[in-house]
Amino acid sequence: MYTTLPAFRSPTGRLAVLALAGCLAAPCHAQSAALIDQARLRSALLNVQPENLDEDADGDGVPDNIEGEAVATPGDRDLGLQLIMKPKERAHLLRLFATAQAYYTDNVRLTNYNPQSDAYFFSEIGARYEGKLTEDWNVEATVRQAFFRYDDFSNLDFESLNAGAGISYKLPQHPDLMFFSRYNCERLTADDLDDQFFLNQTLSLGLQKSWVTHGSSLYYLGYASSFGFADPSAAERDEHGLYGGARWQLSECLGAEIYSRLAYFDYDSGQHDWNYMIVPSLTYRFNEWCELSASLSFVLNRSNRDLFDYDAFSGGGGLGLKVQF
Amino acid sequence: MNARLPFAATAAITLLALASPSLASPLSEAQITYIVKDVRTVDHQKAPRPSKLREKLNSQQSVRTGIASRTELLFTDNTLTRIGANSHFSFTEGTRNMELQNGTILLQVPKGAGGAEIRTAAVTAAVTGTTIMLEAGPGFTKLIVLEGSAWITPHGDKRKRKTNVKAGEEVILPNEAKKAPAPVLINLDVLVKTSTLASGKWSANLDKTLIDQAIAQQARQGLTPTNLAIVGPGGNVVQLREAGRFPRAPIVRNPNGLPNGEVPPNNPGSGGPNGP
C-alpha cells in the first residue's frame, strides 16, 4: 500500500507536475478576443439577429432586401446615417493580474496506480504585455509566478515561474486565420522557490482558425507543435496537438467557454502518450478588473507505459483580479 | 459656531441643487414655427385639423405629421423640438414631461432650462441641457445623444435602473426590454450632416456649438470605423463593404413615386414658412 507519494525527483512526480502545468496553460487567444469584441459590438445593436444584418452589395447604404422598393418608412432621412464606431484599439497593453483558486482533483499524482484525491490551492501573479507591430503582426510577452499548495499531500507543493514571448500573424485576406510562434521558459521549484527541480524551454508553432457568429459566440480550431528542451532531460518531450473550443457571451457579465485538445506527447525517455483534455468553464465578470471563474477538467492519458494510463478529473474556481494600462 | 458655517453652506447648496429641477419653469405652451406638408393638430376629443404656422399648442393638444412631413415646436423656455415624418408628439402642461407616441424627434433642451423627461412605449429618457434624437418605432425605441447626456429607464425594468447615454452614443431598446443594452458609438459628424432633423431647413436655430464640440471630441478620441451602419430609422443594420465608408443617402420612394422629402406640387397639406 502506498503510504508516501513519490517526491518530485521521481519520474512519476515530475511527469505529474509537468502534465498538470501543461493542463493549466491557456491557449493563445489574442486574435480571438478581438473577434469576440466585434461580435459583441454587433450584438449590442439591438441584439442584432442574422436576419437583421442585411447585405449591401452595391454599397449605397440601402440593404439589398429593400433595394429599389417603393416603401416609405417613417423618417427615412430624419435621423440620418448611423455609422457604427468602436473605441480605438490600443497598440500597447500592459496587464497585471492575480488569481486565487481552489480545486479538487481525483487523481493528484496523475497515475493509474492507486489514484488519490486531494484539494489544492492555486494562486498566481503575473504581467502580460500585448502589442501591435502592424495591423497583422502582434506580439505578446508574459511573466507569471504560480503557487500550488496541496491540502493532504503537501510534499507535492510546488511553484512555477513562466516567462515567454510570442508573435502572431493574421493573414490580411483572412484575418480569422492566425499563425503563431512562441518561446516559453518554465522553472518549477519546491520549497518556496529555492529548489529548482525542473527547467523546461519550449518553442511552439501553430495556426488557428476562428469563426465568430452574430450572437457574440466564437469558435476556434487550431494545431500546435511544441518542442521542449528540459533539464533533467528524462522529462523532455515534444507535443503535437489539435485543439478547439468555443466561447459564448451568455449575458453582459457571464461568459462560458469550452476547450478541448488531443495531443501526442513524445518523451525523450521513450515514453509516448496520447492525451485528451476537455475543460468547460464559466466566468462572471463583475467589472473591468474583477471576475469570478469556475471550471471542470477531464484528462484522459494513454501511454506506452502502463503507469501513465490515467484519467483525472478536477473542478474548482476562484477570483481573478487584473489591472491594465 | 464658525465650524458650523461650512456645514450650513454645504447643506444649503445641496438643498438648492436637489431642488433645482422643481424650480425650473414647467412647459406651458409651444409655438409651431415650421411646417412641411401634412402636419395636424389634434385637439382634445376632436378630429385632427391642419396645423397653422405660429399656432400655439397647449397640453390638451398634440401634433401629428404625415409621410415626408415635419414640423418644429419652440417652447417658451427655448426648448426646441423638431418632429419628423409619421410622428405623434405631445407634452404635459405644468410639468416638463413629453411623450412621443411614434415617429422621430430632435429635442434640444437649453442648459439651465431644467431638463425634460420624454416618454415612449419602451423607455423614459431624462435630459438636462442636452440635444438628443429619439425614435419611437413599432416595438422599439432608439435614442441618439448628440451632445450632453441622457438617462434612460426602460419601462420593463421593475428596479427602475437608469443608464447613462453620452454624446455620440446610440441605444435601441425593444419595448419589452427589462434592461438597457450597452450603448454603441456612432459617427456624430456623418449623422448630423445626413439628418434632416439636425441639418435640414428649419425656422428656429439649433444651437450647434456643443454638438460641434462633441464631434471634435470624437475626432480627438480617434474612434475606429466598423463596417456596420444603420440607415435612417429602426435597427436595420447594414454591413458595408468597407469600414466607415460613407454610403450614398438612401433613395427610398414614397407612394407618390417621389424620393422621400420631396413635396409634390399643389399638395394641399404642404406648408412651411413660405407656404400657404
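Just to be sure before I move on: is A:LEU83 within 14 Å of chain B (Cβ to nearest Cβ), of a type outside the set (Lys, Arg) and surrounded by 15 or more Cβ atoms within 10 Å (Cβ to Cβ) in the structure I sent? Here the answer is yes, as A:LEU83 does meet what is asked.
Name every residue in region B:212-258 that is at pLDDT below 60 and surrounded by 15 or more Cβ atoms within 10 Å (Cβ to Cβ), in order of residue number. Working first, answer last.
So in region B:212-258, the residues at pLDDT below 60 come out as B:246-258.
Those that are at pLDDT below 60 and surrounded by 15 or more Cβ atoms within 10 Å (Cβ to Cβ): B:PHE246, B:PRO247, B:ALA249, B:PRO250, B:VAL252, B:ARG253, B:ASN254, B:ASN256.
Is region B:158-171 home to any residue that is more than 14 Å from chain A (Cβ to nearest Cβ), part of a loop (DSSP other than H, G, I, E, B), touching a Ser or Thr at 6+ places or on another chain (Cβ under 7 Å) and surrounded by fewer than 24 Cβ atoms within 10 Å (Cβ to Cβ)? Before you say what the answer is, go through the steps one by one.
Just the residues of region B:158-171 that are more than 14 Å from chain A (Cβ to nearest Cβ), to begin with: B:158-160, B:162, B:164.
Remaining after also requiring part of a loop (DSSP other than H, G, I, E, B): B:158-160, B:162.
From the residues that got through so far, the ones that are touching a Ser or Thr at 6+ places or on another chain (Cβ under 7 Å) too are B:160, B:162.
Restricting the remaining residues to those that are surrounded by fewer than 24 Cβ atoms within 10 Å (Cβ to Cβ) gives B:160, B:162.
Yes.
The condition of being in contact with a Pro (Cβ under 6 Å, 6 or more places away or on another chain) and farther than 30 Å from B:LYS201 by Cα holds for only one of A:ASP118, A:ASP106, A:ASP136, that being A:ASP136. Given the criterion more than 28 Å from A:VAL212 (Cα to Cα), part of a strand (DSSP E or B), of a type in the set (Phe, Trp, Tyr) and at pLDDT 95 or above, identify the matching residue among A:TYR259, A:TYR264, A:TYR276. None of the others qualify; the one that does is A:TYR264. The residue that is nearest to B:HIS88 (Cα to Cα), counting only those in region B:53-65 that are modelled with pLDDT of 90 or more and in contact with a Gly (Cβ under 8 Å, 6 or more places away or on another chain), is B:THR65. Against the numbered list (1) of a type in the set (S, T, N, Q); (2) without any contact (Cβ under 8 Å) to a residue 24 or more places away in the chain; (3) in contact with a Lys or Arg (Cβ under 9 Å, 6 or more places away or on another chain), A:SER123 comes up short only at (2).
Test B:ALA68 against the stated conditions and say whether it is farther than 19 Å from B:LEU134 by Cβ, modelled with pLDDT under 90 and crowded, with 22+ Cβ neighbours inside 10 Å. Break it down stepwise before answering.
Numbers: farther than 19 Å from B:LEU134 by Cβ: yes; modelled with pLDDT under 90: yes; crowded, with 22+ Cβ neighbours inside 10 Å: yes.
Yes, satisfied.
When the residues of region B:72-122 are filtered to those that are basic (Lys, Arg) and within 18 Å of B:SER59 (Cβ to Cβ), which remaining residue is farthest from the chain's Cα centre (by Cα)? For region B:72-122, the residue satisfying everything is B:ARG96. Selection over region B:19-52 of residues that are modelled with pLDDT of 90 or more, assigned to a loop (DSSP other than H, G, I, E, B) and surrounded by 19 or more Cβ atoms within 10 Å (Cβ to Cβ) gives a count of 3. For region B:96-107, does any single residue satisfy the condition of being outside any strand (DSSP E or B) and closer than 25 Å to B:LYS56 by Cα? Checked region B:96-107: at least one residue is outside any strand (DSSP E or B) and closer than 25 Å to B:LYS56 by Cα.
The values are calculated or read from the model by the stated rules, or taken from the named source; none is laboratory data. Predicted, not measured: the structure shown is a model, and the values here were computed from it. Don't worry about glycine lacking a Cβ; one is built from the backbone with ideal geometry, like all the others, and counts go over all protein chains shown.
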